[in-house]
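What follows is a set of notes on a single structure, which appears directly below.
Values quoted throughout were computed directly from the atomic coordinates according to the rules given, and no laboratory measurement underlies them. Keep in mind the model is a prediction, meaning the values are calculated, not measured. Backbone-built Cβ (ideal geometry, glycine too); neighbour counts: all protein chains shown.
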Amino acid sequence: MADNINDKELEELNEIYRQKMEALKNSPKHEHEHKNKKVKTVVKAESSEKSSDKKNSKSDSVNVDDRKKKLAIRINIGVCTAFFAITAICLIVLPRPTVSETEKRNLATFPDFTWKAYWSGDYAEDISYYFNDTVPFRDTFKSIGATFRSLFGFSIDGAELNGTISQVNSGNSQTEVTTQSTKPIQIVIPQTTESSDSTPAQTDENSSQTGGSDETSADSKPKPDDSVYIAPSDPDAVIVAQSGTQIAYVGSDGNVYAAVLYNGNRSNAEDYAYSVNTIKEKLPDANVYSMLALTQSTFITPSELSITDYTELSDSVFISNMLSKDIKVIDTLEALLPHKDEDIFFLRDCHWQQLGAYYAAESFAKAAGVKFADLKEYDEYGEYCRGSVYAATQYDGLSEAYEMFNFYVPKNKYTTEYYNSKYEYQFEYPLMPTSDYNSNSFYSLFMVADSYIKHITTDAGNGRVLVVLKDDYPSAMVPCLTSSFEEIYVIDVRYCDFNVIDFCKEHGATDVLIGMTTESALGEIGDTLSYLVNLQ
Amino acid sequence: MIFADLFFLYVFMALCFIAYFICRKTVYRNWVLIVFSMIFYAWGEPVWVFLLVGSVTLNYFAGILIDKYRDTKKSTMFTAAALIIDIGVLVVFKYSGFLVENFNAISPVDLPVPNVEMPIGISFFTFQIISYILDCYWGKIKVQKSWYKLLMYISMFPQLVAGPIVRYSVIESEIDNRVITSADISEGITRICMGLGKKVILANNLSIIVDTFFKDGDLASLSVMGTWYTVIVYAMQVYFDFSGYSDIAIGLGRIFGFHFDENFRYPFISKNITEFWQRWHISLGTFFRDYLLYVPIFGKRRKYLNLFLVWFCTGFWHGANWNYIIWGLYFGMFILIERTIGNKRMRKMPTALAHIYNTIVVVIGFGIFYFTDLGKLGTFLGNLIGLNGNAMFDMISAKNMMANAWLVIVCIILCMPVVPALKKKLESMDLYLLSTTGQTILNVASFALSSILLVNATNNPFIYWQF
């Protein structure tokens, strides 16, 4: 627009110039130099106008640039601030979920304030954790995140590869495998005095999970073949999705499976052993048991996928050998091996089926010398469920891979009280609330949530009081013990705020079972147990 | 508290901005920054707030006394005393265990090894304090007469725990007089969004690759190609992690009206190691250059011995472990070689060759940086050239590369100044609004995607947090 006005003015000036020239032509009295002067004046004026136009044009251009910059800045601030403010308000105002259906777990709760927790930094960290863990629509966002990560890689052989692929044997004889030997590990479990003398084992696992009571060994009469542990092998297994140590893989049979790869750190073994030994030392009159529950990584996951130098089995033996002789070790290999062909583990979830937990509980009951209810004394249920690895990997191949979840509710009489982490009474509720549990969070069937401390009073009538110090894994085992102990206290060490030895003393524990996976014992849960043992 | 955390982004930062901009006067804004910085620091480790405040108080009085007795011996004495205490605190908390362990190893005594918990960010705020004291002593700055203003400078949460190391002289005038323009706010927003994206979208996902092979995998059996692949990915991870943090810090500073110096300028495009260190962690490099390199400690031999000292300290600053010292001296060695060859001759090297030389040296350097276990470091170095009998190629690494091909390619591209070049090009084509609108969309996308990836995220700490 500025340019048009200037052109107009220029045209007017030219018109004036033409009129002047005309006038000069018509006036002979005017001197030549006079004429030139006039012309020069007009040309100068024209030139001056042109210069002014140029200046205006440049100034306008600068103004335009400034305006554009200001507009861009306003857009950037406005859009980003609006997005930020709306998201912040949504995160603060919208109701927060309490359960993750895809991960099958209760989400974090807002922490209770204590000065101790504050000064240790735990209180603040727990608030951050609560905020991050309970984001509204968290499962949807996690799914979007997984979808985004799937864009990182190529699709190979019809399988979408995302995240990372580790320790996979391609099955191609031309390629090198950087994992450990794929040769199956064979070990022999010493069932009796005779058998332990007869066959030497091939690895350090052959020393077995020692410490199991003689009674246990004597009573077990597995078939000869069942005494041999052969590490599962599938050289053609290919990992198709991974999140941390949780993987989805395609086996040589073409089916999709899920696993949580064992990732224990043997260098932390002393903490767990020290804790268990201390418990026994401080509770000399109680029977103290250690159960390092073996998982599907020992029984099902192909050994070719292993990511550690040691196996779960060898580490569990390693830890057990550090325990004092007074500790009774519950050998879950021995308990489960005879049943390895039964459905004792999920194929797409990190937990064992309750049937596996039942056999482990049976082994424990024998070691404790208490009666143990036969499966006939339970009500059996079954429901199809989706395993937890799907939630972590978001692998499509697992989304519809439901499998049967069998569970057993004991028929005898018992009541269950639920307490908070400070052992303050909360409510009474069924031990296994079959009527209102969620199939997408199926492990919460066992005693509602790990965060509660449970007190189970049964009709066993034998005066035995059991305290179970555990991670989440043995949850399925506790209901199998309602015929075996008169009182059972169940404490998940992750949700406990008191000295567990003092607790055992105060509640007259005759038996203390420390049960968790080997990886838990070698990780933070082992550290937590150590902390709770020494807590003043 | 860390930046890459939903609670920080949507609660802490939001409340801080609201409180900051409600206040109109600079003095109140300074107090807002102090209060929020204290909450930020106390979030995970409340006890160490006392150490931070105590350290500031001590150095505040030291500064006053240095100024009062300027040009006298007392001034030197107070400077020395302050430095000894500051460095002493750093040594006690960061290096005491390492020093005692090594002393025990070379002597017949067996002293108990102290297990001291290290306060977060102690290396960074100690260096800021040292720069303040030395600048006071040398008369480069006016001593800060107000305790709370010095506290604000040291404790300012954007740069408190992981840098950049902001010199007092850089923000001296802005403590009392700062103007916040809409351009500053816009630039600050962009830096925060881009920094968060670098950390959460790029660095965190690169870390999964690194962990797969270096942390969880069997290093001894990793192929030559796999080792190179992983260490290159690790170099990029550290770059995006640390420069992302610096971007957020600089962006927050801009919104609050402070103009911190840049800490990274695309270091991987360097043609030699000298240039690399002029582009990588600039605030640390300039700190050692200004406060150590030209200090005449070693008299006539200072040219080489000061260089050795600088690179020893650079390595040691990163951690109490031998691999960090080796890492520092490794770079010092190459810088010495480059100095010996001379700039002119170095410039004559063909560009492609120069980039290859720089990249190889830098990448191997990051391998040294990663492995705190010297045994594993040896295995890593052997792996690079196949000395451990490892294969040249393996399917696992190849599959991992394919599984993460786009991520790695995008990261390689973003290591180069492609985005600024693209913006410049668009602006030169009179497409200014397209360029800026594109940046806004990128900002929102980066912030939104980072937020999604942070939902229930684990394994998220900044690498330089530990230093």
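Positive end of the dipole of chain B (Cβ unit charges, origin at the Cα centre): among B:232, B:350, B:377, the Cα lying farthest that way belongs to B:350.
All Cα-Cα distances of the range B:251-399, cut into 5 Å bins from zero to the largest, leave 2, 8, 13, 17, 18, 15, 12, 7, 4, 2, 1, 0 percent in each bin in turn. Restricting attention to the range B:1-109, which trypsin sites (Lys or Arg not before Pro) occupy a DSSP loop and are surrounded by at most 12 other Cβ atoms within 10 Å? Counting only loop positions with at most 12 other Cβ atoms within 10 Å, the trypsin sites (Lys or Arg not before Pro) in the range B:1-109 are B:24, B:25.
Proximity of backbone amide H atoms, modeled 1.01 Å from N, is registered between residue A:233 and A:303 at under 5 Å, excluding neighbours fewer than 5 places apart on the same chain. With all pairs of different C-alpha atoms in the average, the Kirkwood value for the hydrodynamic radius of the range B:182-280 is 14.9 Å.
By other beta-carbon atoms within 10 Å, ranking B:116, A:276, A:533 with the fewest at the front produces B:116, A:533, A:276. The Cα trace of the range A:451-504 gives Rg and Dmax of 11.1, 30 Å, the first to one decimal, the second as a whole number. Take the Cα radius of gyration of the range A:490-536 and divide it by 2.2 N^0.38 Å, N being the number of residues; the result is 1.12. Among the GluC sites (Glu not before Pro) in the range A:387-429, those placed in a DSSP loop whose Cβ has at most 14 other Cβ atoms within 10 Å are A:400, A:424. If you take the Cα centroid of the range B:340-387 and the Cα centroid of the range A:452-478, the two points sit 59 Å apart. Over all directions, the projected convex hull of the C-alpha atoms in the range A:419-536 averages 7.5 nm² in area.
Once you divide the Cα radius of gyration of the range B:1-112 by 2.2 N^0.38 Å, the number left is 1.53. Out of A:443, A:389, A:414, whose Cα points farthest toward the positive end of the dipole of the range A:385-536 (charges: +1 Lys, Arg; -1 Asp, Glu; placed on Cβ)? It is A:414. Scanning chain B for GluC sites (Glu not before Pro) in DSSP loops with at most 14 neighbouring Cβ atoms within 10 Å leaves B:263-467 as the longest stretch between them.
The HN-Hα couplings worked out from phi for the range A:488-501 by the Karplus form 6.51 cos²θ - 1.76 cosθ + 1.60 (θ = phi - 60°) are 9, 9, 10, 10, 7, 4, 6, 10, 9, 10, 9, 6, 6, 5 Hz, whole numbers, x standing for Gly and Pro.
Normalising by residue count, chain B has a Cα convex hull of 181 Å³ per residue.
If one computes P(r) from the Cα atoms of the range A:327-399, what percent of pairs lie at distances over 15 Å? Across the range A:327-399, Cα pairs with separations above 15 Å total 64 percent. Long hydrophobic helices in chain B, taken as whole DSSP H segments with a C-alpha length of 20 Å or more on their own axis and mean Kyte-Doolittle hydropathy at least 0.5: B:26-42, B:48-68, B:73-90, B:122-138, B:182-197, B:224-256, B:322-341, B:351-370, B:432-454. Each Lys and Arg Cβ is given +1 and each Asp and Glu Cβ -1; about its Cα centre, the range B:219-334 then shows a dipole of about 520 debye. Which one of B:13, B:42, B:144 is farthest out on the positive end of the charge dipole of chain B, using unit charges on Cβ (Lys, Arg +1; Asp, Glu -1) and the Cα centre as origin? It is B:144, whose Cα lies furthest towards the positive end. In the structure displayed, which of A:340/A:454; B:140/B:271; A:366/A:411; A:280/B:94; A:142/B:199; A:69/B:425 lie more than 28 Å apart, Cα to Cα? Over 28 Å apart, Cα to Cα: A:340/A:454; B:140/B:271; A:280/B:94. For the range B:309-466, the spread of Cα coordinates along the three principal axes comes to 52, 48, 35 Å, biggest extent given first.
Taking amide H atoms as placed 1.01 Å from N in the peptide plane, the amide H of residue B:455 has no partner under 5 Å among residues 5 or more positions away or on other chains.
Volume per residue for the range A:323-470 equals 160 cubic angstrom (convex hull of Cα atoms). Restricting the range A:467-536 to GluC sites (Glu not before Pro) that sit in a DSSP loop and have at most 10 other Cβ atoms within 10 Å of their own Cβ leaves nothing.
For the range A:229-244, the Karplus equation 6.51 cos²θ - 1.76 cosθ + 1.60, evaluated at θ = phi - 60°, returns couplings of 8, 10, 4, x, 9, 8, x, 9, 5, 10, 6, 10, 7, 8, 9, x Hz by residue, with Gly and Pro reported as x.
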